[in-house]
Amino acid sequence: MRKLFYSITCGSMALAALATPGLGQAQTWPTKQAIRLVAVFPPGGSVDQVARILGPALQQQLGQSVIVENKGGASGAIGTAAVANSAPDGYTFAVVFDSHGVNPSLMPNLPYDTKKDLFPVILVGTAPMVLATNANTEFKTFADVVAAAKKKPGPSYGSIGSGSLGHVAMELISKNNGLDFTHIPYKGGGPLMNDAVAGHVPLAIGSIFLIKPHVDSKTMRALAVTTGKRSPDLPAVPTMAESGFSGFEAPAWWAVLAPAKTPPDILKRMNEELNKVLQNADIKKRLDSQGIDIVGGTSDAARVFIDRQIDTWAKVIKDNNIKAD
């Protein structure tokens with residue numbers, strides 16, 4: 001009788017596991033293998049740095065190796081596609097940038113559905129973007145840039161890629177105000193800043209995370225920020241709104257995503273662990289020192305924010321007929 005009870009119980013547990021997709025993985029996660037954080041831009045940019053700040057702390061908490069893998073290209077779409085199409089087993093996550101909210105409108109042939117194929121695990125944080133110039137250029141203020149852009153040809157500026165939020169933001173300003181800029185897309189923040197610091201491109205737009213270290217070292221001069229309020233990290237730098245472009249706001253942001261069919265228990269655990277990481281005093285200090293306002297919170301809150309970004313920029317892109325280079 002005891003053997004019969006045991007066999008029935010084991011059989012019932014096996015059936016329950018089969019009836020609940022992902023239950024087996026969720027119970028053993030993350031003991032099977034190393035976790036990959038796919039930074040969807042090349043080394044040297046803010047996405048890479050955010051991933052490498054989160055990785056070691058996450059590894060310590062989970063007791064499992066966390067490997068950062070850079071997979072850049074197409075404003076983050078190549079790395080994001082790789083994650084969207086990876087096994088939904090809790091061992092592959094994407095660290096994305098604000099370009100994730102722009103890509104669906106500028107790249108109609110994306111190999112994934114941004115809202116359906118990816119699950120927003122957590123919104124890491126937000127920050128102003130900064131328009132900056134090499135310290136040796138003639139541009140001393142944002143007004144100098146605007147004056148130059150009223151002539152043709154106007155000045156060139158670099159962004160982290162065609163279709164990035166920085167690119168779209170500058171296109172919005174130029175189209176709505178009769179300004180002329182030449183966009184130079186780079187394959188990520190690292191290559192962009194290498195050329196900006198060397199003086200090969202006169203203007204650069206990127207996250208405060210990316211640009212502030214070069215402002216601090218006096219190799220770059222910050223001219224304007226893209227948020228509605230001034231940044232406490234660059235309090236002397238005016239907003240674009242107060243520089244004559246009323247209502248303008250385009251924050252940078254970072255998030256962690258997973259393949260949509262990843263088991264709910266794993267997604268819940270990953271959200272909890274990442275929230276712990278973001279409350280770690282050292283991590284908070286390192287992100288704050290780069291101008292990132294930590295957000296964290298629930299996956300639902302992350303989804304609402306990201307969906308709103310996708311919808312907001314879709315309208316801007318359509319209304320202003322903005323095209324990817």
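Quick notes on this one:
For (1) surrounded by fewer than 17 Cβ atoms within 10 Å (Cβ to Cβ); (2) farther than 23 Å from residue 122 by Cβ; (3) in the same structural domain as residue 301 (by TED's automatic domain parsing), each residue gets a yes or a no:
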position: 187; (1), (2), (3): no, yes, no
position: 195; (1), (2), (3): yes, yes, no
position: 200; (1), (2), (3): yes, yes, no
position: 208; (1), (2), (3): no, no, no
position: 215; (1), (2), (3): no, yes, no
position: 220; (1), (2), (3): no, yes, no
position: 224; (1), (2), (3): no, yes, no
position: 235; (1), (2), (3): yes, yes, no
position: 238; (1), (2), (3): no, yes, no
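- Check on residue 294, touching a Leu at 6+ places or on another chain (Cβ under 6 Å) and at pLDDT 95 or above: yes
- Test for residue 66: is it in contact with a Gly (Cβ under 6 Å, 6 or more places away or on another chain), farther than 24 Å from residue 252 by Cα and either assigned by TED's automatic domain parsing to the domain that holds residue 266 or modelled with pLDDT of 95 or more (or both): yes
- Number of residues in the stretch 91-105 that are more than 20 Å from residue 165 (Cβ to Cβ) and either crowded, with 24+ Cβ neighbours inside 10 Å or free of Cβ contacts under 8 Å to residues at least 60 places away in the same chain (or both) equals 1.
- Qualifying residue in the stretch 134-150 (condition: touching a Lys or Arg at 6+ places or on another chain (Cβ under 8 Å), crowded, with 20+ Cβ neighbours inside 10 Å, in contact (Cβ under 8 Å) with a residue 24 or more places away in the chain and assigned to a strand (DSSP E or B)): yes
- Here residue 293 fulfils each of the conditions (1) farther than 21 Å from residue 160 by Cβ; (2) surrounded by 14 or more Cβ atoms within 10 Å (Cβ to Cβ); (3) among the charged types (D, E, K, R) apart from (1).
- Complete set of residues in the stretch 182-193 that are touching a residue at least 40 places away in the same chain (Cβ under 8 Å) and either farther than 22 Å from residue 104 by Cβ or part of a loop (DSSP other than H, G, I, E, B) (or both): 187, 188, 190, 191, 192, 193
- Positions within the stretch 292-325 being part of a helix (DSSP H, G or I) and under 24 Å from residue 269 (Cβ atoms), in sequence order: 299, 300, 301, 302, 303, 304, 305, 306, 307
- In the stretch 170-181 there is at least one residue matching the filter, namely being under 27 Å from the mean Cα position of the chain (by Cα), closer than 22 Å to residue 230 by Cα, of a type in the set (Gly, Ala, Ser) and not in a strand (DSSP E or B).
- Residue in the stretch 94-101 that is aromatic (Phe, Trp, Tyr) and closer than 30 Å to residue 218 by Cβ present: yes
- Check on residue 174, in contact with a His (Cβ under 8 Å, 6 or more places away or on another chain) and touching a residue at least 24 places away in the same chain (Cβ under 8 Å): no
- Unmet criterion (only one of (1) surrounded by fewer than 16 Cβ atoms within 10 Å (Cβ to Cβ); (2) assigned to a loop (DSSP other than H, G, I, E, B); (3) at pLDDT 90 or above) for residue 262: (1)
The values are calculated or read from the model by the stated rules, or taken from the named source; none is laboratory data. All values reported here derive from a predicted model rather than from experimental measurement. Note: ideal-geometry Cβ built from the backbone for every residue, glycine included; neighbour counts use all protein chains shown.
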